[in-house]
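Single-structure report; data block below.
The values are calculated or read from the model by the stated rules, or taken from the named source; none is laboratory data. Fair warning: this is a prediction, and the values are worked out from it, not measured in the lab. Cβ: placed from backbone, ideal geometry, glycine included. Neighbour counts: every protein chain shown.
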Amino acid sequence: MSRAQRQKLKWGLIFISPWLAGFIILTLYPMGASLYYSFTDYDVLRPPVWVGAQNYTVFLTQDNLAFTAIYNTLFYAAFSVPLGILVSVTLALLLNARVKGLAVFRGIFFVPSIVPVVASAVLWVWLFSSRSGLINLGLQAIGLPKVAWLSDPAWTKPALIIMSLWSVGGSVVIYLAGLQDIPQSLYEAAMIDGANTWQQVSRITLPLLTPQIFFQLVLGLIGAFQVFAQAFILGSIGGGALGMGSEAGPANSLLFYSLYLYLNAFRFFRMGYASAMAWLLFLITFVSTLIVLRSSRQWVHYGGV
Amino acid sequence: MGRLLATAPHSRLPASHRRHGVPHYAGRALLYGTLVFLSVVFLVPLFWMVTSALKPQPQLFVWPPVWIPDPPQWQNFGEALTLFPFGSYIANTLYISIPCVVGTVLTSSFTAYGFSRIDWPGRDKVFAVVLSTLMLPFAVTMIPLYLVWRNIGLIGIETPLRGFGPLILPMFLGGGAFNIFLCRQFFMTIPQELSEAARMDGCSELRIYWQIILPLARPVLATISLFTFLGTWNDFLGPLIYLTSIDQFTVSIGLRQFQFEHGSRYDYMMAASTVTTLPIIALFFFAQRTFIQGITLTGIKA
């Protein structure tokens, strides 16, 4: 290595040193420690006791609530992520149609996404209230039966998904910026060839928007697997089955993975068990991201223009 | 990205509608009708939040629903705020968020400089490690981190930094992978010749960072500040784990506490939600440009 290169290396390391220190203290060490705890029985009061893979096998084969938590989380992710993309791409397409007052409309769609998540959850608890919630009043007005959104286990997750669609505004802004980067000339060429609106959207607009959709899909999945605060607030309404002031919703229908993990760690003090859960969550996140990444070769178009 | 706000985007909707014989104005009317309808759908929850906060109790539960409370119960806010110590919660939130913003802006830009303005061997491989940490769920590090902070005695209101250390100190160690990423992307767009010229003149890397790059990076630093601030205002899990006394609570945790105690008083709940949301909406009106540009920046092609 030449002197100049050594000099560059030295300065490079100096500049990344805050991150490097953080990486070691806040990421590497905790990862190692939690991996170790995941193979132990650890209640914080007494030192960890090695139990081998027991936490993993119990979680995967004997814990009924584990199945519930995984099912609830996958259900939420499977609906909220694709529906979120559908709604936000649709809104962005509408806004991209040379709309007057664009900034106003965009602001209206965006603002709900910055409402603090606890305030928004508290608000939706009221909107979903079965007796006089605005949503049930609306259903009543058009002659539909009322729904026990937060106390009927079948409706709690749909309620949470509806709530998640209210805060897609950030994605709308991202898609809109993506749409505005698509060169006008492509559409002009398509029109000369006689393409109608739908053909233009499906052959030009959507394919060229796939990089943004891909990015939002990955972030959306990672986020959905970790959904916590909203469920915590909505779930404390219907009277959870777990006991001890549970936030898991009626019949544990809002017992999401992160919530179950939190309860194990900080309410039941099963730190080893919770650590094993955390590593399984990492594995699930990693594998899903990998699958989406692999599949992206088939459907994401990069820089075709 | 400035043009995003300046001009209306280009689209072919009207032209293609014409092609198919649909009168231009009918298509436009349909478009605006849809947009107005959807806007109402998005705004009604917020309107309902404010209007519910101002209702006399009986008007909360009547059919048909009351849209404008009569008379508006402004005292609901006063009563809610005696039960909901919002001032104390705001003070705590600022106690956390201001150092967090400072730490994040300083150390994420500093780190990003090392990942973009200096070409050292192995740089991009290390940067891949930075990005890969984005995938790591907080749950994986949460338990050991909690134990570390507890063991060095930084949890609890009587500890140094009033027990806010675990929420503040990490932000001084790189400020998070995503912010480093944002800064780096921005720094890469600054011409290298600028640094080369400064080096020729004998400028040290530290001076180039502080006097040349940072001033140019104001837009991205504004974005990072704004989102870090929102992040602390919003954060739920962190304060839930680390804050042990109600005197330490942030607005988000405080609102949850309020729901726990007075969840059935929807008028008070909505008043408390309104005061929690209002500062953020006000911030949006003042910093709309930074918001929109920042969001756009976070969505750049991966």
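Total residues in the range A:76-93 satisfying the condition of being buried (at least 20 other Cβ atoms within 10 Å of the Cβ) and at the interface with chain B (Cβ under 9 Å from one of its Cβ atoms): the figure is 1.
Filtering B:F249, B:F260, B:F227, B:F236 for residues that are assigned by TED's automatic domain parsing to the domain that holds B:S195, surrounded by 16 or more Cβ atoms within 10 Å (Cβ to Cβ) and either farther than 20 Å from A:S167 by Cα or charged (D, E, K, R) (or both) leaves a single hit, B:F249.
Yes/no per residue for (1) in contact (Cβ under 8 Å) with a residue 24 or more places away in the chain; (2) assigned by TED's automatic domain parsing to the domain that holds A:L255; (3) more than 24 Å from B:F291 (Cβ to Cβ):
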site	(1), (2), (3)
A:A66	yes, yes, yes
A:A69	yes, yes, yes
A:N72	yes, yes, yes
A:A78	no, yes, yes
A:V89	yes, yes, no
A:L93	yes, yes, no
A:N96	yes, yes, no
A:A103	no, yes, no
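Quick check on this structure: which one of B:L31, B:L46, B:L106 is at pLDDT 95 or above, touching a helix residue (DSSP H, G or I) at 6+ places or on another chain (Cβ under 9 Å) and not assigned by TED's automatic domain parsing to the domain that holds B:T189?
Unique residue meeting the criteria: B:L46.
Restricting the search to helices (runs of 4 or more DSSP H) fully inside the range A:178-286 and requiring at least 3 residues that are crowded, with 18+ Cβ neighbours inside 10 Å gives A:206-225, A:229-235, A:257-262.
Here the condition is being within 23 Å of A:W11 (Cβ to Cβ), part of a loop (DSSP other than H, G, I, E, B) and in contact (Cβ under 8 Å) with a residue 40 or more places away in the chain; of B:G156, B:G174, it holds for B:G174 alone. Going by the structure shown, is A:K100 more than 21 Å from the chain's Cα centre (by Cα), closer than 30 Å to A:S113 by Cα and within 12 Å of chain B (Cβ to nearest Cβ)? Yes; evaluated as a whole, the condition is true for this residue. Scanning the range A:109-133 for residues that are part of a helix (DSSP H, G or I), within 13 Å of B:Y266 (Cα to Cα), out of contact with any Ser or Thr (no Cβ under 9 Å at 6 or more places or on another chain) and within 7 Å of chain B (Cβ to nearest Cβ) yields one hit, A:L127.
With respect to the numbered conditions (1) farther than 30 Å from B:V105 by Cβ; (2) within 7 Å of another protein chain (Cβ to nearest Cβ); (3) not basic (K, R), which one is the sole condition not fulfilled by A:L45? So the condition that A:L45 fails would be (2). As for the range A:24-36, it holds at least one residue that is facing chain B (nearest Cβ under 8 Å), touching a residue at least 60 places away in the same chain (Cβ under 8 Å), polar (S, T, N, Q) and touching a Pro at 6+ places or on another chain (Cβ under 6 Å).
A quick yes/no check of all residues on (1) within 11 Å of another protein chain (Cβ to nearest Cβ); (2) assigned to a helix (DSSP H, G or I); (3) hydroxyl-bearing (S, T, Y):
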| site | (1), (2), (3) |
| --- | --- |
| B:G231 | yes, yes, no |
| B:G238 | yes, yes, no |
| B:D247 | no, yes, no |
| B:S252 | yes, yes, yes |
| B:F258 | yes, yes, no |
| B:A272 | yes, yes, no |
| B:T277 | yes, yes, yes |
| B:I281 | yes, yes, no |
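The requirement of being within 20 Å of B:F229 (Cα to Cα), among the aliphatic types (A, V, I, L, M) and either in contact with a Leu (Cβ under 9 Å, 6 or more places away or on another chain) or part of a helix (DSSP H, G or I) (or both) is not satisfied by B:L194. Scanning the range A:287-305 for residues that are more than 21 Å from the chain's Cα centre (by Cα) and assigned to a helix (DSSP H, G or I) yields a count of 3.
Against the test of being among the charged types (D, E, K, R), more than 22 Å from B:P215 (Cβ to Cβ) and at pLDDT 90 or above, the options B:R199, B:R162 yield a single qualifying residue, B:R162. Quick one: is B:S52 part of a helix (DSSP H, G or I), in contact with a Cys (Cβ under 9 Å, 6 or more places away or on another chain) and either surrounded by 14 or more Cβ atoms within 10 Å (Cβ to Cβ) or among the hydroxyl-bearing types (S, T, Y) (or both)? Taking the combined requirement at face value, the residue does not satisfy it.
Quick one: would you say A:L45 is outside the structural domain of A:S253 (by TED's automatic domain parsing) and touching a residue at least 24 places away in the same chain (Cβ under 8 Å)? Talk me through it step by step, then tell me what you get.
On the way: outside the structural domain of A:S253 (by TED's automatic domain parsing): yes; touching a residue at least 24 places away in the same chain (Cβ under 8 Å): yes.
For A:L45, the condition - outside the structural domain of A:S253 (by TED's automatic domain parsing) and touching a residue at least 24 places away in the same chain (Cβ under 8 Å) - is met.
Within the range B:117-130, the residues that satisfy the criterion of being within 25 Å of the chain's Cα centre (by Cα) and either more than 15 Å from A:L20 (Cβ to Cβ) or within 8 Å of chain A (Cβ to nearest Cβ) (or both) are B:V129, B:V130. Considering (1) out of contact with any Leu (no Cβ under 6 Å at 6 or more places or on another chain); (2) modelled with pLDDT of 95 or more, the lone condition that B:G122 does not fulfil carries the number (2).
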